[in-house]
Amino acid sequence: MMADLSLLDLGLSAEDASVKQFIALLHQRLTAIGVTERRFAIELVAREAIQNSIEHGCGLDPSRIVHVTLSLAGGRLLLSVEDAGCGFDPEVELSRELSREAGTSGNGIHLISEYSDTYHYEDGGRKFIAEFVIGEDQAMQDNTGPGSWNPRADIVATSVPAVKEELRSLVAASQGEFTIDLSAVRMIDSKGLGLLIAAANSLVAQGRSLRVTGANEDLVGLFKMMRLDRHLKLG
């Protein structure tokens, strides 16, 4: 089972441009961790929730902040959007909007209801939380057993923050040689190399070793050029 991961934690100024910027970052982060099946739904709900907070919670005042977080817990993505506005009565407002036919008004709530698996409001309507079931097979990593990690996407700057703690936890919970299977990885950049070196050094300090399997020819050449074969075992 995957450890909980914080994917995004941002404060957005309450202006329309923030929505576009956040969705671009969200799209990048979801792609980096291998979430594609539910990406449209997640991005649509995030767009509607953030726009609501910017317009209704903050009155399009760019000096005010909308706090947005995205986290991964097991096979579920949790989206939180929070503002410091005056709030509203969720029970009354949601009942009123959802009772109306879609296309007349309240389209945002209809979309949120349709595309999120569950959602609710807290703190008098100031905080919105939605949940999306993506399944563990849709996440960046696919753990086949104790002592191994099978990343399902490139290990690059955009993905390293999301998987660093996960890899550290897996290493800490294992014994003996630890294996990383790179069969599904095409690219590893400097940040990714740093992650592997840190894992290898941690294992060596414990009298253990890191073995990398499934690397393509380009990655093997990269490891040898950077002399990573001194830090880990290849094949």
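Restricting the search to the range 155-174, which residues are crowded, with 19+ Cβ neighbours inside 10 Å, not in a helix (DSSP H, G or I) and not hydroxyl-bearing (Ser, Thr, Tyr)?
Residue satisfying the conditions is Ile155 alone.
Applying the selection to the range 65-89, what residues are within 19 Å of Glu43 (Cα to Cα) and aliphatic (A, V, I, L, M)?
Matches in the range 65-89: Val66, Val68, Leu70, Leu72, Ala73, Leu77, Leu78, Leu79, Val81.
Residues of the range 175-208 being surrounded by fewer than 15 Cβ atoms within 10 Å (Cβ to Cβ), among the aliphatic types (A, V, I, L, M) and within 13 Å of Val220 (Cα to Cα), which ones?
Met187
Can you name the residue in the range 79-97 that is aliphatic (A, V, I, L, M) and either in contact (Cβ under 8 Å) with a residue 40 or more places away in the chain or farther than 27 Å from Leu26 by Cα (or both) and is also surrounded by the most Cβ atoms within 10 Å (Cβ to Cβ) among such residues?
Residue satisfying both the conditions and the ranking: Val81.
Can you tell me which residue in the range 74-90 is farthest from the chain's Cα centre (by Cα), limited to those that are among the hydrophobic types (A, V, I, L, M, F, W, C) and within 22 Å of Phe22 (Cβ to Cβ)?
Checked the range 74-90; the qualifying residue farthest from the chain's Cα centre (by Cα) is Ala84.
Among the residues of the range 1-28, how many are in a helix (DSSP H, G or I) and either surrounded by fewer than 18 Cβ atoms within 10 Å (Cβ to Cβ) or among the polar types (S, T, N, Q) (or both)?
Summing the residues that are in a helix (DSSP H, G or I) and either surrounded by fewer than 18 Cβ atoms within 10 Å (Cβ to Cβ) or among the polar types (S, T, N, Q) (or both) in the range 1-28 gives 10.
Take the conditions surrounded by fewer than 20 Cβ atoms within 10 Å (Cβ to Cβ), of a type outside the set (D, E, K, R) and over 28 Å from Leu72 (Cα atoms) and apply them to Asn150. Does it pass?
no
Among the residues that make up the range 57-78, is at least one of them touching a residue at least 40 places away in the same chain (Cβ under 8 Å), assigned to a helix (DSSP H, G or I) and closer than 21 Å to Tyr121 by Cα?
yes
Among the residues of the range 221-231, is any in contact with a Gly (Cβ under 9 Å, 6 or more places away or on another chain) and either assigned to a loop (DSSP other than H, G, I, E, B) or modelled with pLDDT under 90 (or both)?
Looking through the range 221-231, none of the residues is in contact with a Gly (Cβ under 9 Å, 6 or more places away or on another chain) and either assigned to a loop (DSSP other than H, G, I, E, B) or modelled with pLDDT under 90 (or both).
Just name the residue that is nearest to Ala157 (Cα to Cα) out of those in the range 178-215 that are assigned to a loop (DSSP other than H, G, I, E, B) and modelled with pLDDT of 90 or more.
Leu182
Give the range 34-68 a look and list any residue that's closer than 30 Å to Pro151 by Cα, surrounded by fewer than 22 Cβ atoms within 10 Å (Cβ to Cβ) and either modelled with pLDDT of 95 or more or in contact with a Pro (Cβ under 6 Å, 6 or more places away or on another chain) (or both), or say none.
His67
Give all pairs with beta carbons closer than 7 Å in which a residue from the range 25-48 that is over 20 Å from Asp83 (Cα atoms) meets a residue that is at pLDDT below 85 and among the charged types (D, E, K, R); count only pairs at least 6 apart in sequence or on separate chains.
The qualifying pairs are Gly34/Arg152.
The values are calculated or read from the model by the stated rules, or taken from the named source; none is laboratory data. These numbers come from a predicted model, not from an experiment. Ideal geometry is used to build each Cβ from the backbone, glycine not excepted, and the neighbour counts take in all protein chains shown.
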